[in-house]
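The values are calculated or read from the model by the stated rules, or taken from the named source; none is laboratory data. None of the values given here were measured: they were computed from a predicted structure. Note that each Cβ is placed from the backbone with ideal geometry, even for glycine, and that neighbours are counted across all protein chains shown.
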Amino acid sequence: MPSRTRSRSASPLPAAVVAALRRVDPAARPASAALLGAGYAYAAYRVPSPSGDWAVRLPKRTDGEWGHDRVEDLEREVRFFSLLADYDFGTTVLRETSLLRDPRGRTLGAVHRYVPGAQVATAGLPRGAAREALARDLARFLSRLHAVPLPIAKQAGLESVSLGTSTYTPLTKQSLPYLGEATARWLRGMTEAFLAGGGTAKAPRRVIHADISPAHVLLDGRRRLSGVIDFGDILVADPALDFAGLLNIFTWRDLESVWTYYEWPLDADVERRVRYYIAVQAIFQVAYGADGVGPQERADGIRRLTARAAAAARRTV
C-alpha cells in the first residue's frame, strides 16, 4: 500500500459499505472518510469516529478468481484476529476486526481500528542506538507472530504450505514467458538450485505475515515501531520469508541484529532461504503486478529481475 497520506480527493465510500459500517459503529462518520492508499488488492480509508478511528479496506476487485481470492483473504484475516483479540503481538496490529457485509451476506470489505504511524519509506530509518531499538521492536513482533499456536491458525483457516514447491515453483513458471532469455535462464536456475538444496522441505512452519515491506511497517515520531498492518497474505510457512521481507527495509547487518533479539532458535539453513527469497522477490510483481496495479508494475518486476540476473552474470565472469 504505497501511501497512508490523507487525500482530499478520495471518493465517498459506496452506500452499501456505509450502511455496513454503521452497523459496526453507528457513530462513525463515513462522509469524512479519507483515502489512506491502495495496493495490489485493496483500497483503504480512514473513517473518524468518537470512539476511535477505523480503517476500512475494500477489495479493488471482487470479480473472477483474483477478486474471489482477495475476499477470502479478508475473511481469513478477520477470523485470525478475532480468535487472537487478547494476544500480545508486541506492537499494534489489527484490533476490533469485522467484515462488512451487504444484506445478502456478501463480503464488501473489512474494518479494524486505525493503526497510527508513518510508513518506513516516509518516516525514514533511525541511526545508531535508535536503529538497534527498532531492530529489537521488529524481533519482538516477529517472535510473537511466529509463536501463534498452530491449532489457532488452523481454526482461522490459514493455509500451511511448503513455499518452495507450492509458491515459488509455480511463480517461476508463470514469470518465465515475460522474461528475456538470459533472465529466464537465471531465474529458472535459481529456483532449481533452491529446490536441489532442500527448498523449504525441512524449514520450520510457523504463522508468518508473508508480506513484510516498508508499506506495512509503521513508525512513530521517534521512529520506533508503532504497528504492522495488512495481513492479507498470512499463512503457515517458512519464517525465513518474513526475515527476507525485512531486507526491503534494512541491510543484512540490520537483519542480523533482528536475529540477535529473535526469541526462537534459528535453523542452520535459514540464511540460504532468506537469500533466495529476496533475490527473486520481483517474481510477485511479474506474476501479479498487471492484475494488482497495471502493466507498468509488471514491467518494473521484469526490470528488477533483469538487473539481478545481470549482476549475477558479472560476478561469474
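Just a few scattered comments:
- Considering (1) within 28 Å of LEU176 (Cβ to Cβ); (2) at pLDDT below 95, the lone condition that ALA210 does not fulfil carries the number (2).
- Taking each residue of the range 211-224 that is more than 12 Å from PRO116 (Cβ to Cβ) and looking for partners that are at pLDDT 95 or above and of a type in the set (Lys, Arg) with beta-carbon atoms closer than 9 Å, six or more apart or interchain, yields ARG223/ARG131.
- Filter result (surrounded by 16 or more Cβ atoms within 10 Å (Cβ to Cβ), of a type in the set (D, E, K, R) and more than 21 Å from SER166 (Cα to Cα)) within the range 277-303: GLU297, ARG298
- Within the range 161-261, helices (runs of 4 or more DSSP H) holding 3 or more residues that are within 18 Å of TYR276 (Cβ to Cβ) and out of contact with any Leu (no Cβ under 8 Å at 6 or more places or on another chain): 169-175, 181-196, 240-246
- Lone unmet requirement of (1) surrounded by fewer than 17 Cβ atoms within 10 Å (Cβ to Cβ); (2) among the charged types (D, E, K, R); (3) more than 27 Å from PHE80 (Cβ to Cβ) for ARG223: (1)
- Within the range 194-206, residues that are on the phi < 0 side of the Ramachandran plot have Cβ atoms under 6 Å from residues that are of a type in the set (Phe, Trp, Tyr) and part of a helix (DSSP H, G or I) in these pairs: PHE194/TYR276, counting only partners at least 6 apart in sequence or on another chain.
- For the residues GLN285, GLN281, the requirement of being outside any helix (DSSP H, G or I), under 17 Å from the mean Cα position of the chain (by Cα) and either farther than 24 Å from ARG131 by Cβ or not assigned by TED's automatic domain parsing to the domain that holds PRO59 (or both) singles out GLN281.
- Per-region count, the range 166-187, residues within 23 Å of ASP291 (Cα to Cα) and either under 22 Å from the mean Cα position of the chain (by Cα) or charged (D, E, K, R) (or both): 10
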